[in-house]
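Encoded as C-alpha cells, the structure appears first; notes follow it.
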Amino acid sequence: MESSHSIVRLCEVCSKLDIPHSTHTIHPCREQLLCSTPPIEGARATFFPLGSIDEIKGRRVTCDFCKLVAEGLDKEPSDLEGDCSVMKSEQVWNFKLPSDVKARDPSVTHFHLTQLSVLFDPPKENRFQGPSLPWEVKAKARDPQSSHYIQNFQVKARSCAKSGDGTAASPQTEQEFLDTIGGRYVSTQVNVQLLRAWLHQCESEHGEACIPSSQFPVERSREMGFQPTFVVDVIQSCLVDTPSHCRYVTLSYVWGTAPVFRHLLENTKDLRKTNSLHSFPIPATIRDAITLVRAIGERYIWVDSLCIIQNDLKMQQAEIVRMGSIYSNALFTIIAAAGDHANRGLPGIERESREQVQKSLKFADCELLTVIDVRRTASGINDTIWAERAWTFQERVLSSRVLVFSDTQAYWSCRAASHSEERALEQIREINWRSFKLPFPQQPATDSLSWKRLQPLEYCNTYYDLLAGYRQRRLSYQTDILNAFDGVSEILGALQDDTFHWGLPESLFSYAITWSFTGPYSRNDVEVPVFDSNGSKEMVSIPSWSWAAWSGADPARPPFLHAGNDTHVRPVIDFDIVDGNHKLVRIKDRPMRGHPGDFAPPLWKNEHPHQFQSLTQHSVSQIGQLYFWTSLANLRAMRRWSDVPVGPGHVQYIPFPSPPDFLPDPNAISEIVHQDFIVVAARVPGQLILLAIEWKDGVAYRVGIADANEVEWLRVKNREWRLITLG
C-alpha cells in the first residue's frame, strides 16, 4: 500500500478542508428510513473548490492529497479544462445496527455510510450534467468534458481483519460493530480467507434467498440426473465422473485467441488418470480456478473445455441443453472478467499477478483509502470482453452466486448481498442490499428470475428481458446462436412447465413470434444439427420465424422488441410444428387472462377449414416448419430501410390496403411494393399483427412484421383463408 509520507503533507487549500473530519465515514440518523436528513446533522453535502487542473497538478509535489487527485487527472484527456471541487460526506448507503448489538443512543434509527469525492467541473459555459449514474455507464460513453468523479476516498475500517474472518466473534458493542465498517486494503494477492467468509456467510445466513426452495427446478433436475457428466477433482488433479449429489463450482471465462487445451475422444482416458492435469497445457485461467477451489476448501469444478468432450457432437448437444442445470446447481460460479483470453489468469491468485492501484493517506486518527471503483461500477466489468460474449450471458444469469475477478479486485454477488475486497461491509445485516448490489451485467434480468413459477405477464417480461439482453452479446460462430441460450430456455421451461421451439416458448408462442429488431438485421442462413429419438442427426436451417435465424443489431439502441414492446398479444391462430421426428405437433399457446376483448371472436375468421392431414415419417416437410390456417392478403405497402437497402430483413413494412395516392416517404429510404401478409396474432383493441412473407417452392418465409387495423383488414378484397407452411 503506497502512502506519500508517514505524516500527510497538505497544502494551504487542502488544510482548510479539514479532510480527516470531512471523511468521517459513519453518521447516525434519527429519522425513519427512507429519510431526508443529510448525513451530517444540520448540513447538507457541501462542495469546496480545490482549484483548476493546472493548480492542482502544480501542488502535487508539496501536497499528498493534491498528488492523489493529480494522479486521477493524469488519466483524463490532455486537453481537459476546468476546475475540481471536493464533495464532503457524499452518501453511499444506509444501514442499521444488528439486532444483537445494543445501541448507545436508542433514538438513532440507522446510520449513513459516506465518502469524500473529488469531482471535475467543466467551465461555466458548459452545461453541468452531473456524474454518470451506474446504469448509464454502459449505455453511453462518458463525455470527459462533463462533470464526473476524479477520485473517491473512504476511511479504512479500524478492524478489517475481523470483517474478513468468517470464524471471528461477532461484535458485541456498537463501537466494535462500527469499527468493522469502512474501507479495506486490496493487496496484490487476493485474501482467500475473505472469499471463504463470503461463501460461509451466504450459506449460513441467507437461507432461501440464495438456496432454492423445493419448487426450484434444479431439485427436479437432480432427480432426473441432470448434472454434469464430468467434473475436475482438484485434489487428484484429474477428470472424474460426477459423484451423486456433487457439490461443485463452475467457471465462466472467455476462450479468446489463446490456444485452449480441450478434452477430446483421443485423450479422455489420459485425463482421468490421477495428476494428469499437471501434464497438459491447461490455460492459466483454468489453472488459477483449480487453485482457488482447492484453497477455498472445495473439491470439484466444472469447466467446459475439460468437462465436455469437444469432438463428440452427441455429448456436446446433451450437455449444452442442460447448461441451465449445470450452472444453477453449482455452489457458485467463478467469473474471469479480466483479459480477453483463457491465458490471462485470475488476477490475485498468483503472487504479484495484479497491480496495486489503491493509495492511502495516513492521518493521526484515521487512514484514507482511494476507492478503486470511482464510478461505483464493478471495475468496468460491463465494458469487458467477458461481458460482451454471448456464452457468458447465461452463465451469469443462471448462477445464484458469483465470485468475480476483475483486473483490480474480487467481488461477490449472490441473491441476498454483494461484497467487494475494498469495502468492509460483511458485518452489516440490515442494509438495502438491492440498492447496494454491484451493477454486474444482467443484474435486473437475474433478479427477475426469482426461481419460482412466474405469472404469465411476469413470464412474458422476463423472457423479453433475457432475450433482449442476450441478443446484445457477440458470438464468434453464428451456429451457436441457439446453443448459447439453451441454458436459459431449460430453466424457464422447468420453471413454467414449458417447451421451447427454436428459442420461442410454447406457452407464449403468439407473443414470441412477434419479435422485431430495432436496427439493421439480415438472415444468417445458419444450419444446426437436430437429433431424432433414435439419435440420428439431421442438419436443419433455423426457420425464418425464429429470432435465431437473423443476425445484427444496433448497439446504440435496445436490440429487440416484441409486438412493438406491447405484452397485450392475443393468440388467434392454431400453430402446428414439425418436430425432430418429422411429426406434426400442436403448439399449446396459453392466452393471458384479463385482456380487453378476450371473448370477442375475430371478425376476419370464417368457417373455412382449420384442419389438415397429419404428416408422416416419410413426409418431405422440413423440421421446424409451421403449419397453420390464417388470413392472407396482398397489399400495397411501403418498405422502408432504417439505413441502406441491404436485404429484406433490413426493412420496416407499413401496409396500406388501398389509397392510390400513397407515395414513398421522402424523409427515408423507401419504396412502394406489393407484399403478401399473413395474420399471426392480435393485440387489443382491434389491431392485428402481420408477418410479411415471401414464397419459395410453395413455402412461405418471414421477411418482416407489421400492424394492421382489423377493420381495414376486413375491407381488403383479395383477402383469403389459406393453409400456410412457414419455413
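Read the figures in this text as sums done on the coordinates, not as results from a lab. Computed from a prediction, not measured in an experiment: that's the story for all the values here. Glycine gets a Cβ as well: all are built from the backbone with ideal geometry, and neighbour counts include every protein chain shown.
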Percent of Cα-Cα distances greater than 24 Å, calculated over segment 269-376: 44
From phi via Karplus (6.51, -1.76, 1.60), per-residue ³J(HN,Hα) for segment 678-685 in Hz, x at Gly/Pro: 10, 7, 10, 6, 9, 10, 10, x
Past 23 Å, Cα to Cα, is the threshold; run Lys605/Lys717; Lys16/Lys96; Lys88/Lys359; Lys96/Lys452; Lys314/Lys696; Lys16/Lys362 against it and keep the listed order. Lys16/Lys96; Lys96/Lys452; Lys314/Lys696
Cα centroids of segment 495-553 and segment 270-344: how far apart, whole angstrom? 28
Work out the P(r) tail for segment 51-111: percent of alpha carbon pairs separated by more than 19 Å, whole number. 53
Neighbourhood net charge (9 Å Cβ-Cβ; Lys/Arg +1, Asp/Glu -1) for Gly487: -2
Considering Cα pairs under 8 angstrom that are at least six residues apart, work out the relative contact order of segment 239-378 and quote it in whole percent. 34
Expected sort for 271-283, 457-469 on mean C-beta neighbours within 10 Å, highest first, is 457-469, 271-283
Among 301-312, 502-513, how do they line up from the highest to the lowest mean number of other beta-carbon atoms within 10 Å? 502-513, 301-312
Would you mind listing how long segment 260-300 runs along its three principal axes, going by Cα atoms, in whole Å with the largest first? 32, 20, 14
Neighbourhood charge, 12 Å Cβ-Cβ cut-off, centred on Arg354 and excluding it, Lys, Arg +1 and Asp, Glu -1: -4
